[in-house]
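Written out below as structure tokens is the structure these notes cover.
The values are calculated or read from the model by the stated rules, or taken from the named source; none is laboratory data. Please read all numbers here as calculations on a predicted model, not as lab measurements. Virtual Cβ from ideal backbone geometry, glycine too; neighbours counted across all protein chains shown. Areas reflect the complete protein model, heavy atoms only, side chains present, ligands, DNA and RNA absent. Shrake-Rupley method; radii C 1.70, N 1.55, O 1.52, S 1.80 Å.
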Amino acid sequence: MKQFRAATTHSARPGDGAPAAALANRLLTWYDRHRRDLPWRAQPGESADPYRVWLSEIMLQQTTVATVEPYFRAFIARWPTVGDLARADLQSVLHAWQGLGYYARARNLHKCAGVIADSLGERFPDSEAGLLALPGIGAYTAAAIAAIAFGRPAAPVDGNVERVLARLFALTAERAAVKREVGVLAGRLTPSGRPGDFWQAVMDLGATVCRPRGPACLMCPWAGNCLALQRGLTEELPRRARRKAKPVRHGVAFWAVDATGAVLLRRRPEKGLLGGMTEVPGTEWREWPWTEEEALPLAPVPGQWLSLAGGVRHVFTHFELELTVLAATDLVPGLAEGMWCRPEDFDAHALPTVMRKVADHALRALAQPSAPPEAAIGPIRRRTSGPRPARRASSGR
DNA sequence: TATTCGTGGTC
DNA sequence: TGACCAAGAAT
């Protein structure tokens with residue numbers, strides 16, 4: 001912006017920024033020394049594989065490097081090329097993605113691979129615009145792939161870039177304005193040489209030095225140019241919007257077991273929360289607790305349903321879920337919609353983490369005769385309280 | 001522009 | 001332990 005333009009036309013003064021080329025060179029030197037060896041990164045001097053760059057960038061959306069690494073390795077081992085991924089079943093992709101979250105990414109990943117295989121000769125577009133047209137690729141990811149895989153002078157602005165530049169230039173406006181300012185500044189900072197390395201360096205800097213809290217400014221190659229550091233604003237920037245409180249939603253899950261020990265599972269709808277994933281059947285998730293009288297008619301199979309003590313609590317991005325589990329055994333499979341699956345075979349299904357919790361809870365509760373089922377369906381006690389006294393089922397709320 | 005999308009780690 | 005945070009996209 002203004003201050004940067006001034007900095008590019010005058011020689012650098014302490015804390016007043018420096019020409020873009022000088023900033024880029026200093027950071028690239030830092031990067032060459034501190035560069036992390038990640039499985040999707042090309043070795044120095046080698047060109048990056050667009051497939052690996054794309055796959056890693058999708059996985060890294062709102063997800064940490066440490067979490068992504070094992071998933072990335074598993075995907076590459078199983079589907080070495082984008083064509084291999086395109087020919088895979090969506091279910092197998094969702095299965096490999098289970099536990100990583102934001103499952104729309106996996107659905108769009110598969111769809112995108114299909115487009116590239118069927119319409120683009122298994123070649124990724126090498127321009128930002130071409131990449132942006134693909135499913136699951138937004139402004140950030142298009143710029144990241146263009147810069148990292150194809151050496152284009154694009155400016156991928158993620159949370160790291162936003163934070164680093166907000167501090168470097170002491171951007172104190174509200175978040176929306178800062179995003180716009182950062183977009184402009186990022187374009188001006190992008191070097192013509194090694195743009196991919198440069199932006200990866202900024203992201204590494206943000207992840208390891210210019211951290212959200214407790215930035216290690218003594219280690220920062222840009223400390224001499226950082227206006228936030230000069231003004232004592234590093235902890236305050238970037239300004240964050242206040243978070244809204246998470247509402248609590250309530251649901252009942254039905255743990256239906258047949259005479260062979262198989263448990264009833266079903267597939268969730270393709271769209272929406274946990275779309276396409278497998279789940280334990282249950283009621284809808286609503287904002288007030290369920291009573292047994294309300295829930296029992298919704299059971300997938302008729303039977304003697306008993307409420308298990310305790311429950312399952314899971315935090316999603318925008319709400320908390322409290323699930324009560326009703327269990328029934330020796331059921332007759334009959335006309336139940338879904339698939340009967342033995343717990344030891346659950347690994348064959350794409351179960352999201354919340355459903356793994358339900359399974360763990362039900363298996364543990366049913367394996368403990370000393371902790372009999374209870375009747376109440378309602379808010380789940382926090383962990384700090386001990387097991388509640390058991391009561392007989394059918395006593396209502 | 002604001003909301004809807006998971007999960008695990010950190011302090 | 002709750003609140004925040006992480007290489008965002010789609011609608």
Q) Could you count how many residues in the range A:130-139 are open to solvent by 30 Å² or more (accessible area, probe 1.4 Å) and hydrophobic (A, V, I, L, M, F, W, C)? A) 3
**Q.** Condition broken by A:S47, with the remaining ones in (1) assigned to a helix (DSSP H, G or I); (2) within 15 Å of A:A149 (Cβ to Cβ) satisfied
**A.** (1)
Q) What tally of residues in the range A:107-138 results from selecting those that are part of a helix (DSSP H, G or I), of a type outside the set (K, R) and within 16 Å of DNA strand B (Cβ to nearest atom)? A) 4
Q.
Would you confirm whether or not the range A:49-59 contains a residue that is modelled with pLDDT of 95 or more, surrounded by fewer than 12 Cβ atoms within 10 Å (Cβ to Cβ) and more than 11 Å from DNA strand C (Cβ to nearest atom)?
A. no
Q. If you scan the range A:267-298, which residues turn out to be surrounded by fewer than 15 Cβ atoms within 10 Å (Cβ to Cβ), of a type outside the set (G, A, S) and under 29 Å from A:Q91 (Cβ atoms)?
A. A:P269, A:E270, A:K271, A:E284, A:R286, A:L298
Q. Out of the range A:140-185, which residues are among the aliphatic types (A, V, I, L, M), within 13 Å of DNA strand C (Cβ to nearest atom), open to solvent by less than 10 Å² (accessible area, probe 1.4 Å) and outside any loop (DSSP other than H, G, I, E, B)?
A. A:A142, A:A143, A:A144, A:I145, A:A146, A:A147, A:V161, A:V164, A:L165, A:A166, A:V182
Q) Of all helices (runs of 4 or more DSSP H) completely enclosed by the range A:191-310, which ones contain at least 3 residues that are under 26 Å from the mean Cα position of the chain (by Cα) and not small (G, A, S)? A) A:195-208
Q: Please list, ordered by first then second residue, the pairs with beta carbon atoms under 9 Å, 6 or more apart or interchain, first in the range A:258-281 and modelled with pLDDT of 95 or more, second open to solvent by less than 10 Å² (accessible area, probe 1.4 Å) and polar (S, T, N, Q).
A: A:L265/A:T278; A:R266/A:T278; A:R267/A:T278; A:R268/A:T278
